[in-house]
1. Applying a 10 Å radius around every beta-carbon, put 77-83, 146-152 in order of their mean neighbour count, most first.
2. For Kirkwood radius over Cα pairs in Å, the choices are (i) 20.6; (ii) 16.5; (iii) 16.8; which was calculated from the structure?
3. As a test of the formula, what do you get for the chain when each DSSP H run with n ≥ 4 contributes -39,500 (n - 2.57) and the sum is divided by the residue count, at 222 nm and rounded to the nearest 500 deg cm²/dmol?
4. Net charge near Leu109, counting Lys/Arg +1 and Asp/Glu -1 over other residues with Cβ under 15 Å of its Cβ?
5. Could you give the dipole magnitude of the chain about its Cα centre, charging the beta-carbon of Lys and Arg +1 and that of Asp and Glu -1, in debye to the nearest 20?
6. Please list 36-49, 55-68 highest first by mean number of surrounding beta-carbon atoms within 10 Å per residue.
7. For segment 63-167, which trypsin sites (Lys or Arg not before Pro) are in a loop by DSSP, counting at most 12 other Cβ atoms within 10 Å?
8. Of Lys53/Lys154; Lys137/Lys160; Lys53/Lys129; Lys48/Lys137; Lys48/Lys154, which ones are farther than 28 Å apart at the Cα?
Amino acid sequence: MGLLNFLKDAGEKLFGSGEAKAATEQVKAAPTPENRAKLDRAAGDAIKMYIEKLGLSATALNVSFDGSTSTCTVSGTCADQATRERIVLSAGNVAGVSSVQDQLNVLNLESEAQYHDVKSGDTLSKIAKTYYGDANKYPLIFEANRPMLSHPDKIYPGQKLRIPPKP
């Protein structure tokens, strides 16, 4: 899959608490290479915990973060393409991440989904009409983005969504 770009300032705010917050404060107080590396490790750990909290899994899942480029790298082995895409989207839809380097392997290859960057005024119905020609197919997009989406009306500008292949 390679490198997927995201809107850096949109998404889940994971770096404002716990170890990531403490590491951020250390970097502000003393911007040493050691403190920056500690911050990157804490950010990678926070993203991995978020992915796991969403119930997404991969064998030997590894998540790292490079604060100098705002790039998250994910690696491991997924059971299927949909899980791979959900893990990449989960990592990318975190505030502070501008791109995700996908190094995940897939056991059962399937067709890849398309991606849509949500714009102001978008709804899942409008997006479904664009990709499938039928606004009533919005549940396909909603289900393809669960558990990141909790409700069909809760999408926001800058979010990136999976658009599964046309049924």
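1. Going from most to least packed, we get 77-83, 146-152.
2. Here the calculated entry is (ii).
3. So the calculated ellipticity at 222 nm is -11500 deg cm²/dmol.
4. -4
5. So the dipole magnitude of the chain works out to roughly 300 debye.
6. 36-49, 55-68
7. When the trypsin sites (Lys or Arg not before Pro) of segment 63-167 are filtered for loop state and at most 12 Cβ neighbours within 10 Å, Lys119, Lys154 remain.
8. Violating the 28 Å limit, Cα to Cα: Lys53/Lys129; Lys48/Lys137.
Coordinate-derived values only; no laboratory data. Computed from a predicted structure; not experimentally measured. Here the Cβ is made from the backbone with ideal geometry for all residues, glycine too, and neighbour counts use every protein chain on show.
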